[in-house]
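S.K.: There's a structure below that I have some questions on.
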Amino acid sequence: MLMRKDHATLLVVDVQDKLLPAVDKADAMLAACRWLVGVARDTALPVVFSEQYPKGLGHTHADLLAEYPGAPVVSKLHFSCVAGDCLPDSLLAREQVIVCGMETHVCVLQTVLHLLAAGKQVYVVADAVGSRKESDRQLGLERMRQAGAVLVSREMVLFEMLEAAGSELFKSLSKRYLMGEQP
């Protein structure tokens with residue numbers, strides 16, 4: 001099944017200031033998430049940011065928020081955004097959820113498993129998730145795939161949001177997101 005911008009929301013899970021330095025290859029993961037949020041903004045794909053216990057772990061990284069001003073930011077204590085009952089109705093009304101963020105084997109995993117149990121089509125952006133250890137990232141991705149989530153890349157998201165070549169939007173986004181050095 002294809003991701004469709006009129007059916008999907010991008011959920012950015014817990015990319016927070018105080019936890020980020022502990023994540024393996026944090027700079028690359030942050031850059032990948034920023035790239036993805038920029039694509040969402042430029043293709044009119046809605047975005048929701050979640051924060052795990054922001055009092056202790058800080059807030060969503062400012063670079064991400066700057067890519068999509070006005071996107072909702074929700075707080076939670078549960079590891080799962082679904083169990084935390086924090087997701088806005090705008091996300092829950094859509095049948096597809098595209099997920100990136102951290103940590104792959106904890107908050108991303110539990111959110112994805114609950115979204116699948118709620119009947120959502122879930123796409124996990126494998127090159128835009130991170131954990132403190134690479135082995136935990138890999139195990140989290142494998143478990144989500146086995147449970148029915150679809151693993152995708154950032155470029156898959158871009159091309160499926162665009163749907164076709166030839167438009168001015170395609171030309172503009174190709175230059176911005178596909179040419180030159182990319183994260």
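S.K.: Given Cys86, Cys100, Cys81, which one is surrounded by 18 or more Cβ atoms within 10 Å (Cβ to Cβ) and either closer than 22 Å to Glu155 by Cβ or not hydrophobic (A, V, I, L, M, F, W, C) (or both)?
M.R.: That would be Cys100, the only listed residue that is surrounded by 18 or more Cβ atoms within 10 Å (Cβ to Cβ) and either closer than 22 Å to Glu155 by Cβ or not hydrophobic (A, V, I, L, M, F, W, C) (or both).
S.K.: OK, next. Of all the residues that make up the stretch 170-183, how many are over 11 Å from Val39 (Cβ atoms) and in a helix (DSSP H, G or I)?
M.R.: Total satisfying the criteria: 5.
S.K.: Does the stretch 152-161 contain at least one residue that is more than 19 Å from Val37 (Cα to Cα), at pLDDT 95 or above and of a type in the set (Ser, Thr, Tyr)?
M.R.: No; the residues of the stretch 152-161 include none that is more than 19 Å from Val37 (Cα to Cα), at pLDDT 95 or above and of a type in the set (Ser, Thr, Tyr).
S.K.: OK, next. For the stretch 63-162, which strands (runs of 3 or more DSSP E) that fit wholly inside it have 2 or more residues that are in contact (Cβ under 8 Å) with a residue 24 or more places away in the chain and within 19 Å of Tyr177 (Cβ to Cβ)?
M.R.: Fully inside the stretch 63-162 and qualifying: 96-102, 121-130.
Yes/no per residue for (1) within 25 Å of Glu103 (Cα to Cα); (2) surrounded by 14 or more Cβ atoms within 10 Å (Cβ to Cβ); (3) of a type in the set (A, V, I, L, M, F, W, C):
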{"residue": "Gly130", "(1), (2), (3)": "yes, yes, no"}
{"residue": "Ser135", "(1), (2), (3)": "yes, no, no"}
{"residue": "Glu142", "(1), (2), (3)": "yes, no, no"}
{"residue": "Leu158", "(1), (2), (3)": "yes, yes, yes"}
{"residue": "Lys171", "(1), (2), (3)": "no, no, no"}
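S.K.: Sticking with this one: Which of the residues belonging to the stretch 9-47 are surrounded by fewer than 22 Cβ atoms within 10 Å (Cβ to Cβ), among the charged types (D, E, K, R) and under 19 Å from Pro88 (Cβ atoms)?
M.R.: Arg41
The values are calculated or read from the model by the stated rules, or taken from the named source; none is laboratory data. What you see is a predicted model; the values in this text were computed from it and never measured. Note: ideal-geometry Cβ built from the backbone for every residue, glycine included; neighbour counts use all protein chains shown.
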